[in-house]
Amino acid sequence: MTDVVRPLVIKTTSGTDRPEAANQALTVAAGAEVSLWLTGEAAWFALPGRADELALEHAAPASELLEAVLAAGTVTLCTQCAARRGITADDVLPGVRIAGAALFAEEVLRPGAQALVY
């Protein structure tokens, strides 16, 4: 048995509208080297201070989880989701990139990749 780490890609569409799903995605992402994609209502978490708006009893603070992901992995904001919300590259947290479906498809189609959607 080898110790090869599989690429993990997590896509979350959940924001403060679905706090449990959003927090679950951030919790799993914070525990691994990962590529986290923020889409739909999760797009707002790419902005400074917005993850603080997610409050969930018995859960780690979303802002701390997001910081952990940024430190160990990548965070990508969906291009179309950003555009629909008027979010630009100048608005997002340091380390957050904006990219589209072609890059998402490339990441999830890598050999051995595991994709999770919340």
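The values are calculated or read from the model by the stated rules, or taken from the named source; none is laboratory data. As the structure is a computational prediction, the values presented were derived from the model and not from experiment. When we count neighbours, we look across all protein chains shown, and the Cβ atoms used for this are built from the backbone with ideal geometry, even at glycine. SASA here: full protein model, heavy atoms, side chains in, ligands and nucleic acids out. Shrake-Rupley method; radii C 1.70, N 1.55, O 1.52, S 1.80 Å.
Here the chain is scanned for GluC sites (Glu not before Pro) in DSSP loops (not H, G, I, E, B) that have at most 14 other Cβ atoms within 10 Å, and the longest stretch holding none of them is 58-118.
Note on the chain: with charges restricted to the Cβ of Lys and Arg (+1) and Asp and Glu (-1), its dipole about the Cα centre is near 380 debye.
Among ILE98, GLY15, LEU70, whose Cα sits farthest toward the positive end of the charge dipole of the chain (+1 at Cβ of Lys/Arg, -1 at Cβ of Asp/Glu, about the Cα centre)? Looking along the dipole axis, the top candidate is ILE98.
Solvent exposure of the chain amounts to 55 Å² per residue of accessible area, where only protein heavy atoms count and the probe is 1.4 Å.
The stretch between GLU67 and GLU53 holds 3.6 nm of extra length on full extension. This uses 0.36 nm per residue minus the Cα-Cα distance. In order along region 104-118, the Karplus-derived 3J(HN,Hα) couplings, from 6.51 cos²θ - 1.76 cosθ + 1.60 at θ = phi - 60°, round to 4, 4, 4, 5, 6, 8, 4, x, x, 5, 10, 10, 10, 10, 10 Hz, and Gly and Pro are given as x. Only protein atoms count toward the accessible area here, which uses a 1.4 Å probe; on the chain, the carbon and sulfur part of that area reaches 55 percent.
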